[in-house]
Every structure is written in structure tokens, then in C-alpha cells.
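The structure under discussion appears below in the form of C-alpha cells.
The values are calculated or read from the model by the stated rules, or taken from the named source; none is laboratory data. No experiment lies behind these values; they were computed from the predicted model shown. Quick reminder, even Gly has a Cβ in these numbers, built from the backbone with ideal geometry, and neighbours come from all protein chains shown. These accessible areas exclude ligands, DNA and RNA; they are computed on the full protein's heavy atoms, side chains included. Shrake-Rupley method; radii C 1.70, N 1.55, O 1.52, S 1.80 Å.
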Amino acid sequence: MKKTTMILALFCCFIGTAIAQQETRPPKRWGAEINILWPIFPGNIYKGQVTYETWRKGHYAGEVYAGFHIRPFEFREDEGDFANYALTFGYRQFFWKGLHAEIYQAIGPGFNRNNVITGQDYESWDYEVGLLLGYRLELFSKEKRDRMRYSPYISTQQGFYYLAAQSNPHPIKNSTGESPFYVGTLNFGLRF
């Protein structure tokens, strides 16, 4: 009887340990997010990226990301038909819970067809930089997120982008050059 009880107790401990290991998943370091605002406002811009948390110490954390920015051709009164495509990459520094600052960079081709001033077509390689402040809101409690395979979140950011370099700038009506411009984002993401 003692042997049966001991074997049963060991078996229950083994099963309990296996179940506990299944319920506690490793930290979610990877993520994927899309900007759900830009296709609607200002419209015709699509942005997505993959994120990776490189380090964490309490609320402080660092995250790198790489992605894409697509703006198909559209007519602009002061330029003509315009489009640009870019690879994006950057770093987010988390300070407290979801509060963070982001350094943004993008590089890719820009196109201007039928320029309204010259009537010519322009192709250029563009480099854009940005600085944003934002907050990531996790949609579930930490306990629930730890048990889930995918953890959804929403983040919003405000800041400025600046077109830092162009290989072949095109003329724009009533423009004296590039200047920083305001940017706001609303992202939906999944951590896994």
C-alpha cells in the first residue's frame, strides 16, 4: 500500500509539474503590428513592422523593429503623382509600463510623375528620420497574457518626422525646402 501511495504521489507531482510548465510560457519577446490609422487618415499609407524586445529590467525595456512603409501613387496638387516605398527600422525605449520614446528611420525610393511645375518624372532614394513619444496599452492583465500564446495590444504615438536626404529632389509649388512634420500613429499589435 505504501508503494502504491508513493508511486501515485510521484505521478501526481510529475503531472502537476508538466501542467505548470505548459501554463507558464516564456516571455513574449517578438511582436507584429500594423498602423490602423494611416490607411484612413491621412489615407493611402500602409505601415507594418516586426518588433523584438532586446532587454528588460522591470518596467524599463528596449525594443528594436523593422518593417515597411507603402504609399501607392496619388495625385498631389503641388507636386503631381506621388508615391514612396520604404524599409523602416528603429528603437523603442520603454520607461514605465507602456510609456516609450521611439527613434524612427526609413529608407526607400520616392517617385514623382508628371510634376506640376516641370512636367517631368523624378525618382529619388529618400532617407527619413523621426522621434516619437507614445504609450502601448496591453489589452489583458499580465497573468492572462502570460498564459496566452498571442497577446494583443494597441499603441499610439505622437512626434515628428523629417526627410533628411533625397538623391533627386523634385520641385514642389510654394515650398522652400524640407521641414519637420507632425506624425500621429495608432497601431494594433500582437506579442508572441
Which of the residues that make up region 169-186 are of a type in the set (Val, Ile, Thr) and touching an Asp or Glu at 6+ places or on another chain (Cβ under 7 Å)? 172
Can you name every residue in region 53-73 that is of a type outside the set (Gly, Ala, Ser) and assigned to a loop (DSSP other than H, G, I, E, B)? 59
Hey, could you check region 109-133 for residues that are out of contact with any Phe, Trp or Tyr (no Cβ under 9 Å at 6 or more places or on another chain) and part of a strand (DSSP E or B) and say which is surrounded by the most Cβ atoms within 10 Å (Cβ to Cβ)? 126
Going by the structure shown, is residue 103 in contact (Cβ under 8 Å) with a residue 24 or more places away in the chain and under 14 Å from the mean Cα position of the chain (by Cα)? yes
Between a residue in region 161-179 that is closer than 13 Å to residue 86 by Cβ and aliphatic (A, V, I, L, M) and any residue that is open to solvent by 50 Å² or more (accessible area, probe 1.4 Å) and part of a loop (DSSP other than H, G, I, E, B), which pairs come within a Cβ distance under 7 Å, given they are 6 or more apart or on different chains? 163/178
